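Quick notes on the structure that follows.
The numbers here are math on the coordinates, done by the rules we state, and not lab data. Computed from a predicted structure; not experimentally measured. Cβ: placed from backbone, ideal geometry, glycine included. Neighbour counts: every protein chain shown.
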Amino acid sequence: MTRKRFLAAFPAAGLIPALGVLCVVVHYLGGPLLEGALTEALVYMVMVIALYVFVGNSGIISFGHVTFAMIGAYASAWQTCCAGMRGVFMPGLPDWLLRVNMPTTPATLLAALLAAAFAALIGVAISRLGAFAAPIGLLSLLFVIKTIYENWTSVTAGQSSIVGLPLDVDIWTALLWVFAAIVVAQLHARSPSGLRLRASREDEAAARASGVTIWKERLIAFVLSAFLFAVGGGLFGHFLGTLAVSEFWLDMTFLTLAMLVVGGMRSLTGAVVGTLVVSAVRELLRAFERGIDIGGLDIHAPEGTQEIWLAVILLVILIFRPQGLVGDRELGRPVVK
Amino acid sequence: MNPIQLIVDALSQGSLYALIALGIGLVFGVMRMINFAHGELIMIGAYALVVPSASDMARPFIAAWPAPLLIAAVIGFVAVAALATERFAFRPLRRREVDSATLLISSFAVSYLLQSLVLFFYTGRPKSVSIFPSLTRQITFGGVRVAMVDAVTILVTAALLAATVVFLRRARAGIEVRAAAEDFVMARMLGVKANRVIALAFGLSGAMAGAVSLLFVAKTGVLDFRMGVPLAIAGFVGTVIGGVGNLVGAVLGGFFLGAASVLLQALLPEELRPARDAFLYSLVILVLLVRPQGLFVTRGAGERI
């Protein structure tokens, strides 16, 4: 395949070497604190890329994807959690599930399949809703599933936490998952189904008139996106080592959406850049709050100012770059004038 | 529980949610933006009642003023705050003609900003405050005891709704708001000033948020920096199930949601009550599936081409 044809099929190809270089640099020069922060950002990146698959291509905002992260994280914990303690945390699990001891990777994939199957079921209905009803439908879905998980104590530990998940997510595993997510998202976006979905995003009526069955394309993107988001949820559990239902709530919803919108929700590069920028800003503000020393000058921000500045920075970015930092460009594809 | 008490409870909760949905619906009409920060406007209205401090028994500030002054101060403060969010956050965005997704995210950012400011000045510890102590009384009404505050909530909502209807139908400014909600570009061509009509919608919406602050605090007596979020979501969901872009629909949708949550709480079997929200929001999903355009759609509500 020539370079030109490759870039036409895979316009965001530049992301993979760029992220690879970033990780290598941080791993060898950055120190453990920075590496931990970047690993966390990569876990979020899987989720934001997943969000892009549905939100970016369909133009429909989702307030409910965190549901799939929750399903994925818990289903993965059911297979991998905490050696002999599983029966203590989750006595309601069936016997075979209590005995199984799955490595993290297949466990994450199986958990994501469960989330995708659930998404397919609910998506048949959700994908028929319009631009305002769909986000509310998805938000309601999050309320329903979160309430169920909170009260289904025998398999989720309810309002308390599950601790001792195997800590299997380091910077390289997270990076490989990000690569996989990028490839999947890109293949979908350039596939006939993805292109039809993007057409419906630009002009619903015209797409429909050209023979696009919008709900079907939305459903495909929705299921794929739920799968990837659940992978992100599984990684989240294996990165932190603990799980609590309250983690999968509005904060995570807003954070992942903000990352996508700040970067530019119409491009895969936007999802990646947005995640990195928002994570970097958060880390920087956190560091300022702890106090940093620049050339003998001790800069120490008062406690609690971190959140205020994060909100202000978000607003400023949105006001000055309403299409997101990268708009609809992709890293790797030359800008078409 | 006595059925009449239950009905009063449902009406009161429904009224509160209806007021929130109306506030969100007013802004949505002229700007096509779902203002998530509406909940935080309610929250700062409540916090304005007390002096900033870290203690949990807060010293009253506006809360100590005589009632008429207190009401005017809170409603005025929230209305001004709403205008400020419009002027400094949403107007610059509107100039750039951003899509509704970006507007929505920016309203999250505003909401997060307001929360963080309150967290900074008041800390995250919930506070208790008491306003209108006479409202906590129970009144006996045809043999049943009803909390005064519920009766007042219903009456105040009814009065505010009536005033809003009169304003939107009779006053020139109100007619301009409706015209802008119908077709913003056409309204501008006919001489409606965009900035003014949007500011008016924000001001009205803020005043309603202030009224909700007062009613809510009078009932619960607790301040919490996250109290606005569930309220905004309730209003938001109410607006959508009522039918977006339709104020009557928003009010009825909000009312439906509030009343349904109280009724579910009372009528569900004991062991299922903790999972009430699962039932409530399953009901919402069901409503959306049956009526994706909302329960109360007007003619011409579909997207114009």
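First check a/c for chain B, with a ≥ b ≥ c the square roots of the eigenvalues of its C-alpha gyration tensor; if it is under 1.5, answer rounded, and if not, answer prolate when a/b is larger than b/c or oblate otherwise.
oblate
Quantify how strongly other chains surround peptide A:252-259 by giving the mean number of their Cβ atoms within 10 Å of each of its Cβ atoms.
Mean partner shielding for this stretch: 2.
With a cut-off of at most 16 other beta carbons within 10 Å, and DSSP calling the residue loop, which trypsin sites (Lys or Arg not before Pro) in the range A:280-332 qualify? Please list them.
Here no trypsin sites (Lys or Arg not before Pro) fit, given the DSSP loop and packing criteria.
Kindly provide the trypsin sites (Lys or Arg not before Pro) of the range B:42-103 that DSSP labels as loop, not H, G, I, E or B, and whose Cβ sees at most 15 other Cβ atoms within 10 Å.
B:R96
Please provide three numbers in whole Å: the alpha-carbon extents of the range B:62-110 along the principal axes, with the largest listed first.
For the range B:62-110, the Cα spread along each principal axis is 44, 17, 12 Å.
Evaluate 2.2 N^0.38 Å with N set to the residue count of the range A:13-248, then give the Cα radius of gyration divided by it.
1.05
Ranking request for peptides A:298-308, A:129-139, A:65-75: highest mean number of other beta-carbon atoms within 10 Å first, then the rest in descending order.
A:65-75, A:129-139, A:298-308
For the range B:68-77, in order, what is each residue's ³J(HN,Hα) by Karplus, 6.51 cos²θ - 1.76 cosθ + 1.60 with θ = phi - 60°, in whole Hz (x at glycine and Pro)?
Calculated HN-Hα couplings, in order: x, 5, 4, 4, 4, 5, 5, 5, x, 4 Hz.
Sort B:119-128, A:230-239 by packing, meaning the average of other beta carbons within 10 Å per residue, with the highest value first.
For the peptides B:119-128, A:230-239, the packing ranking is A:230-239, B:119-128.
With the Cα gyration tensor of the range B:1-98 giving a ≥ b ≥ c as the square roots of its eigenvalues, does the rule (a/c under 1.5 for rounded; else a/b larger than b/c for prolate; else oblate) give rounded, prolate or oblate?
Oblate, because a/c is 1.5 or more while a/b does not exceed b/c.
For the range B:67-162, go through all pairs of different Cα atoms, get the mean of 1/r, take its inverse, and jot down that Kirkwood value in Å.
So the Kirkwood estimate lands at 17.2 Å.
When you look at the Cβ of every residue in A:139-146, what mean number of other chain Cβ atoms sits within 10 Å?
6
Can you list residues from other chains, or at least 5 along the same chain, whose modelled amide H is less than 5 Å from the amide H of B:V222?
Counting only residues 5 or more places away or on other chains, the set is B:V129.
As a test of the formula, what do you get for the protein assembly as shown when each DSSP H run with n ≥ 4 contributes -39,500 (n - 2.57) and the sum is divided by the residue count, at 222 nm and rounded to the nearest 500 deg cm²/dmol?
Helix-only estimate at 222 nm: -22500 deg cm²/dmol.
Measuring from a point 7 Å past the Cα of B:A266 along Cα-to-C-beta, which residues in the range B:1-36 have an amide N at less than 11 Å?
Inside the label zone: B:1-13.
Once you average over the residues of B:278-291, how many Cβ atoms of partner chains fall within 10 Å of each Cβ?
Counting Cβ atoms of other protein chains within 10 Å of each residue's Cβ and averaging gives 6.
What value does the range B:179-305 have for Rg/Rh, both radii from Cα atoms and Rh as Kirkwood defines it?
In the range B:179-305, Rg relative to Rh is 1.05.
Sequence-distant or interchain residues sharing an amide H contact under 5 Å with B:F141, placed H: which?
Under 5 Å from the amide H of B:F141 lie the amide H atoms of B:V146, each far enough along the sequence or on another chain.
Report the longest stretch of chain B that contains none of the GluC sites (Glu not before Pro) sitting in a DSSP loop with at most 11 other Cβ atoms within 10 Å.
Longest stretch, sites excluded: B:98-302.
Ranked highest first by the average count of other Cβ atoms within 10 Å around their residues, in what order do A:149-160, B:159-170, A:107-118 fall?
A:107-118, A:149-160, B:159-170
Taking amide H positions as placed in the peptide plane 1.01 Å from N, state which residues far from B:F296 in sequence (5 or more) or on other chains have amide H under 5 Å from it.
B:G243
State whether the range A:147-302 is rounded, prolate or oblate according to the following rule on the C-alpha gyration tensor (a ≥ b ≥ c being the square roots of its eigenvalues): a/c under 1.5 gives rounded; otherwise a/b larger than b/c gives prolate, and the remaining case gives oblate.
oblate
What list of ³J(HN,Hα) couplings, whole Hz, do you get for the range A:117-125 from phi and the Karplus terms 6.51, -1.76, 1.60, once you set θ to phi - 60° and write x for glycine and proline?
Residue by residue, the range A:117-125 yields 4, 5, 4, 5, 5, 6, x, 3, 7 Hz.
Modelled label-to-label distance, B:R291 and B:I175, 7 Å Cα→beta-carbon offset: nm?
Result for the modelled spin labels: 3.0 nm.
List, in order, the whole-Hz ³J(HN,Hα) value for each residue of the range B:47-63 obtained from phi through the Karplus relation with A = 6.51, B = -1.76, C = 1.60 and θ = phi - 60°; use x for Gly and Pro.
5, 4, 5, 10, 6, x, 5, 8, 6, 8, 9, 6, 6, x, 10, 5, 4
Calculate the spin-label point distance for B:A194 paired with B:Q138, positioning each point 7 Å from the Cα along the beta-carbon direction, and give it in nanometres.
Between B:Q138 and B:A194, the simple spin-label model gives 5.6 nm.
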